Structures are given as structure tokens and as C-alpha cells.
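The values are calculated or read from the model by the stated rules, or taken from the named source; none is laboratory data. What you are looking at is a predicted structure, and each value in this text was computed from that prediction instead of being measured. Quick reminder, even Gly has a Cβ in these numbers, built from the backbone with ideal geometry, and neighbours come from all protein chains shown.
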Amino acid sequence: MRILLIYSTVDGHTREICERVARVLEEADCEVVLRSLDGDEVPALDAFDRAVIGASIRYGKHRKNVVGYINAHSEQLAAMPAAFFSVNLVARKPNRRTAADNPYVKRFLTQIRWQPDEIGIFAGKLEYPRYRFWDRLMIQLIMWMTKGPTDPSAVVEFTDWEQVEAFARRVPQLRATD
């Protein structure tokens, strides 16, 4: 089974999640092609059996290149088994890890012309020392408002890697028939 794993990331954590998804899929004897929407040439979807798209959120929004790619390829995505996952800090709260209760993913699904077969929502990684001055201040304000960590030296990984691996194990089963 050939799987195209596409992602867009701001600080690199979404790529780390994609690499874990790819390892799980490769352990299940899938061939995985990993490409970034942030600069890689993305191969044609018709060369693959499945597609997975991963995207991070910054300031409450998924990046425009993700929305653009999905809407430009919505018919092909709908015709094949395909999944989507979002990486955001709101998902650090257990009651914000489904499409029904994550406000960013709910809004995102209204902006695209495709409904994924599987949706994963993963908590991201907070890396204050890595952020530019204004980004750090904005993220600290958001964290303060949502009762998260605000120490400017904090690096906190909220990702539930078991949740990521369980998502990856479901991808080969998408639209499987008995």
C-alpha cells in the first residue's frame, strides 16, 4: 500500500508527528512518501492508495497552503481513503481532541471542500525559547488566558504519542471492506 503523507508546519513539530506516523505505517508494510506543503514538490495523488494530511495551527488558524491544497484536490481526496490531522495546543486539554469539540478543527472543516475519512487532533509542543519576541508574547498571552504554561524558558511537549500511533494504525484500514 502506497501512502502519501503531506504536512505543513510552523516550528517543525508537525513534521515530527508525521515521521512517527510514517514509522508506524512502514512497520505495517506500507510504502510512505513524506512531503511538505511548505516547499517540497508534492506528487500526484493518483499514484497513491491513501493520503494523510497533517497541519499545525498558529493563532487559531491552519495555514493557507493547507486549505488551498485541500480545496484544489478535494475531488481526488474524496475519491480515495484519506485522513487529516491537526496539531494544536488547545488539544492539550482532553476535552478538545475530537472534531466535535476542537474549535479550530470545526472551523477548518467548514473552510474546505473535503470531509476526511479519519480526523486526528494532537496536542502540540510549546517551545518559548525558539519563538521570536512577538510570537512568544502572543503565545504567553494565549496560554495565560487558557491557564497554560507561561514561563518564557519553558519547553513542554503535550503530544500523546500513543494517540498518534493509534491514528496511524487506522490509516491502512480506511474504507476497508470485509
Across the range 8-27, the tally of residues that are modelled with pLDDT of 95 or more and over 21 Å from Ile70 (Cβ atoms) stands at 7
Whether any residue in the range 28-38 is out of contact with any helix residue (DSSP H, G or I) (no Cβ under 9 Å at 6 or more places or on another chain) and either among the polar types (S, T, N, Q) or modelled with pLDDT under 95 (or both) is what I want to check. no
Neighbours by Cβ (under 6 Å, 6+ apart or cross-chain): first from the range 38-67, under 19 Å from Leu174 (Cβ atoms); second surrounded by fewer than 14 Cβ atoms within 10 Å (Cβ to Cβ) and not acidic (Asp, Glu): Phe48/Arg2; Asp49/Arg2
Is the range 50-73 home to any residue that is surrounded by fewer than 22 Cβ atoms within 10 Å (Cβ to Cβ), within 17 Å of the chain's Cα centre (by Cα), under 30 Å from Ala154 (Cα atoms) and of a type in the set (S, T, N, Q)? yes
So which pairs qualify, if the first residue must be in the range 100-121 and within 16 Å of Leu89 (Cβ to Cβ), the second must be among the charged types (D, E, K, R) and buried (at least 16 other Cβ atoms within 10 Å of the Cβ), the Cβ gap must be under 7 Å, and the two must be at least 6 apart or on different chains? Asn102/Arg96; Ile121/Arg97
Residues that are in contact with a Cys (Cβ under 9 Å, 6 or more places away or on another chain) and in a strand (DSSP E or B): does the range 7-28 have at least one? yes
